[in-house]
Amino acid sequence: MTLYICKDAALGYEGSVAVRSLNFEVRSGDYLCIAGENGSGKSTLLKGLLQLKTPVEGSIMLGVNADEIGYLPQQTAAQKDFPASAYEVVLSGRISSRGILPFYSRKDRLTANENIERLGIKPLRNRCYRELSGGQQQRVLLARALCAAKKILLLDEPAAGLDPVITKELYRLIENINHETGVTVIMVSHDINSAVKYASHILHLKTEQLFFGTTADYLNSPFGKMFAGGESND
Amino acid sequence: MINTLFEMFSYTFLVRAVVVGLLVSLCAALLGVSLVLKRYSMIGDGLSHVGFGTLAIATAMNAAPLTVSIPVVILAAFLLLRISENSKIKGDAAIALISTGSLAIGVVVISLTTGMNTDVCNYMFGSILAMSKNDVTLSIILAVVVLTMFVLFYNKIFAVTFDENFAKATGVKTGVYNMLIAFLTSITIVLGMRMMGALLISSLIIFPALTSMRLCKKFKTVTVCSAIVSLICFFIGVVVSYVKATPTGASVVLVNIAAFLLFWAANTIKGRIRK
């Protein structure tokens with residue numbers, strides 16, 4: 001099943017185009033990594049995929065409903081000192097499945113607890129979100145995203161601000177989620193080396209689409225050789 | 001002490017004021033948690049100034065103050081919310097423009113009609129005598145509406161407060177809930193404004209939330225705690241203002257400051273002990 005079809009899409013802010021000529025497809029079960037440097041339009045594209053932005057040109061077609069999407073955003077400053085328990089944050093991932101109903105059901109609580117176990121953050125369940133470390137906060141937000149992700153999981157720089165060990169663990173977790181549950185993963189990352197290691201497809205951006213295809217094709221392409229090859233030397 | 005309370009409540013106007021005040025404090029404290037965390041504290045302040053302007057105009061036109069104020073303030077709330085969401089215009093500057101603008105309009109209207117007198121002072125700093133029987137009825141109805149909405153939409157309000165983009169991306173109509181918060185805030189501010197004063201009403205929104213955030217770690221406990229703190233502070237404030245013959249609004253704010261310092265100190269001590 002096709003989840004996203006981008007046709008000649010361009011996205012931008014207030015008149016200026018941040019990224020253009022986007023042509024790609026995402027199928028169910030894919031692990032797509034959107035790679036590129038800072039300012040290449042990765043996060044803007046992600047906002048487009050989340051329908052927080054409408055394309056300036058072309059079209060982005062969706063094969064999923066908004067309430068089947070899980071999203072791991074970059075943290076905002078306001079969140080870092082938010083008084084909420086980890087459990088409250090994770091449970092809020094179920095908000096979209098509630099519709100107009102006011103309170104969470106048993107099943108919602110169960111799903112929240114399952115995802116807490118899955119990410120190994122049970123000891124943090126009742127801790128205050130603002131007192132957790134960056135890596136722990138990221139796991140809590142990932143658990144929340146999983147609560148919402150029925151078909152697709154979108155991640156915006158999940159490794160931002162994390163140390164290498166925790167980053168590796170996080171990537172492994174995401175890979176497991178993709179393999180075990182068949183949830184489609186779309187990840188924005190500037191870390192091209194990890195991208196080629198875990199992803200099945202690569203979309204390389206630099207204010208326009210440089211490459212889209214499978215990871216194997218990417219590594220054989222001139223871009224792949226330039227970017228992935230060049231960075232692994234250091 | 002008990003005698004003072006009995007004496008206080010033998011005055012009908014004081015009973016009315018306390019009933020309305022407690023209801024407004026409760027609503028303000030609940031909404032305040034979300035507003036403070038969303039960095040919207042100043043919207044509350046801006047709205048109270050708009051309320052001052054509309055109150056002055058309503059008095060000049062001999063219209064019922066609440067029926068004029070509530071729709072205008074709701075309108076202003078939606079406008080301010082729109083501006084804050086729009087990155088082109090800086091939200092804080094826009095709030096300052098609107099609030100000083102309405103303050104100026106209010107002052108001019110009052111001085112043209114009744115002349116600058118105690119009216120202005122009452123509007124700015126509040127008067128306990130302002131509550132009529134109709135106001136009490138209206139306040140009770142509106143407070144019940146605010147409380148019911150808050151309880152029914154509590155989970156949505158949490159989701160939208162914690163992470164609006166996430167909520168929006170996963171299919172929650174965040175615009176509707178932002179409007180709801182703005183709508184409820186406007187009603188609360190207009191209701192409480194004449195007693196607390198246009199310049200002081202926003203303290204009811206901001207203080208209890210900040211106070212309970214010193215100690216509480218969960219959103220639910222922050223919400224419940226700020227409601228309780230707000231009710232207690234208002235009651236103590238009214239009693240103090242009765243005993244010492246000080247203005248009600250200002251007394252309530254002073255008690256709120258004391259509570260804030262108390263919670264802050266308690267948190268510091270707690271932190272020391274843990275170390």
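What separates the Cα centres of region B:1-65 and region A:6-84 is a distance of 44 Å. Cα gyration tensor of the protein assembly as shown, axes a ≥ b ≥ c as square roots of the eigenvalues: rounded (a/c below 1.5), prolate (a/b > b/c) or oblate? Here the protein assembly as shown falls in the prolate category.
Within region B:2-274, all pairs of alpha-carbon atoms sorted by distance into 5 Å bins from zero give the percentages 1, 6, 12, 17, 18, 17, 13, 8, 4, 2, 1, 0, 0. Full extension of the chain segment joining B:Cys121 with B:Ala258 gains 46.8 nm, where the gain is 0.36 nm per residue of separation less the Cα-Cα distance. Solvent exposure of A:His190, expressed as accessible area, is near 100 Å², computed with a probe of 1.4 Å over the protein chains only. Were the residues from A:Met226 through A:Ala78 laid out at 0.36 nm apart, the gain over their Cα-Cα distance would be 49.4 nm. Ranking A:Tyr13, B:Tyr123 from most to least accessible surface, computed with a 1.4 Å probe over the protein chains only, gives A:Tyr13, B:Tyr123. Assign one of three labels to region B:166-261, namely rounded, prolate or oblate, based on the Cα gyration tensor with a ≥ b ≥ c the square roots of its eigenvalues; rounded applies when a/c is under 1.5, prolate when it is not and a/b is larger than b/c, and oblate otherwise. Oblate, because a/c is 1.5 or more while a/b does not exceed b/c. Mean separation of Cα pairs under 8 Å and 6 or more residues apart, divided by the residue count, gives region A:91-234 a relative contact order of 17 percent. Accessible surface computed residue by residue for region B:2-274, with neighbouring protein chains in place and a 1.4 Å probe, gives 43 Å² per residue.
Remark: accessible surface ordering of A:Tyr31, B:Tyr242 (largest first) is B:Tyr242, A:Tyr31, probe radius 1.4 Å. When A:Arg125, B:Arg272, A:Arg109, A:Arg144 are compared by accessible area of protein heavy atoms, the largest-first order is B:Arg272, A:Arg109, A:Arg125, A:Arg144, using a 1.4 Å probe.
Taking every protein chain into account, the accessible area of chain A amounts to 43 square angstrom per residue (probe 1.4 Å). Taking amide H positions as modeled 1.01 Å from N, with prolines and chain starts lacking one, the residues under 5 Å from A:Glu208 and 5 or more places away or on another chain are A:Arg20.
Among the residues of region A:51-70, those with an accessible-area drop of 30 Å² or more from chain alone to full protein complex, heavy atoms and 1.4 Å probe, are A:Leu52, A:Ala66. Give me the lysines in straight-line cross-link reach of A:Lys42: C-alpha distance below 16 Å, same-chain residues under 8 apart excluded. Here the lysines satisfying the reach criterion relative to A:Lys42 are A:Lys53, A:Lys206. Farthest toward the positive end of the dipole of chain A, out of A:Pro123, A:Val140, A:Ser194, is the Cα of A:Pro123, where the dipole comes from beta carbon charges about the Cα centre.
With contacts taken as Cα pairs under 8 Å at a separation of at least 6 residues, region B:2-274 carries a relative contact order of 31 percent.
Counting only whole DSSP H helices of chain B, the ones at least 18 Å long by C-alpha along their axis and with mean Kyte-Doolittle hydropathy no lower than 0.5 are B:12-37, B:41-60, B:65-85, B:91-113, B:133-152, B:174-196, B:201-215, B:219-244, B:248-274. Looking at the P(r) of region A:73-142, how many percent of alpha-carbon pairs lie beyond 20 Å? I get 28 percent for the Cα pairs in region A:73-142 exceeding 20 Å. Is the shape of chain A rounded, prolate or oblate, going by the alpha carbon gyration tensor and its root eigenvalues a ≥ b ≥ c, with a/c under 1.5 for rounded and a/b larger than b/c for prolate? Prolate shape, in that a/c is at least 1.5 and a/b is the bigger ratio. Each label point was placed 7 Å from the Cα along the Cα-to-Cβ direction; for B:Ala104 and B:Thr4 their separation is 4.4 nm.
Considering all different alpha carbon pairs of region A:117-234, the Kirkwood hydrodynamic radius works out to 15.6 Å. Expressed as a whole percent, the accessible area of region B:2-274 that falls on carbon and sulfur atoms is 72 (1.4 Å probe).
Excluding same-chain neighbours fewer than eight residues apart, the lysines reachable from B:Lys156 by a Cα-Cα span under 17 Å are B:Lys38, B:Lys168, B:Lys173, B:Lys218, B:Lys220.
Considering only B:Val50, B:Val229, B:Val145, the mean-square fluctuation computed in a Gaussian network model of chain B, springs between alpha carbons under 10 angstrom, is largest for B:Val145.
Amide H to amide H, with H built 1.01 Å from N, A:Tyr4 comes under 5 Å of A:Val26, A:Gly63, counting only residues 5 or more places away or on other chains. Taken along the Cα-to-beta-carbon direction at a fixed 7 Å, the label points for A:Arg27 and B:Ile141 span 6.2 nm.
Once R0 is set to 25 Å, what does the formula 1/(1 + (r/R0)^6) return for the Cβ-Cβ distance between A:Glu114 and B:Lys270, expressed as a FRET efficiency to the nearest 0.05? Efficiency computed from Cβ-Cβ geometry: 0.15.
Compared with its chain on its own, region B:215-230 contains the following residues whose accessible area drops by 20 Å² or more in the full protein assembly (probe 1.4 Å; ligands, DNA and RNA excluded): B:Lys217, B:Lys218, B:Phe219.
Interface size, chains B and A: roughly 2900 Å² of accessible area buried, both sides included, 1.4 Å probe, rounded to the nearest 100.
Note that region A:72-79 has calculated 3J(HN,Hα) couplings of 10, x, 6, 6, 9, 4, 5, 6 Hz, one per residue in order, obtained from phi through the Karplus relation 6.51 cos²θ - 1.76 cosθ + 1.60 (θ = phi - 60°); glycine and proline are x.
Only Cα pairs within less than 10 Å get springs; with that Gaussian network setup on chain A, which residue of A:Ala149, A:Ala160, A:Ala199 has the largest fluctuation? It is A:Ala160.
Taking chain A as a Gaussian network of alpha-carbon nodes connected by springs under 10 Å, the highest mean-square fluctuation of the residues A:Gly48, A:Gly63, A:Gly135 belongs to A:Gly63.
The values are calculated or read from the model by the stated rules, or taken from the named source; none is laboratory data. Please read these numbers as outputs of a predicted model, since none were measured by experiment. Methodologically, a virtual Cβ is constructed for each residue, glycine included, from the backbone with ideal geometry; neighbour enumeration extends over all protein chains shown. The accessibility values were calculated without ligands, DNA or RNA, using every heavy atom of the protein model including side chains. Shrake-Rupley method; radii C 1.70, N 1.55, O 1.52, S 1.80 Å.
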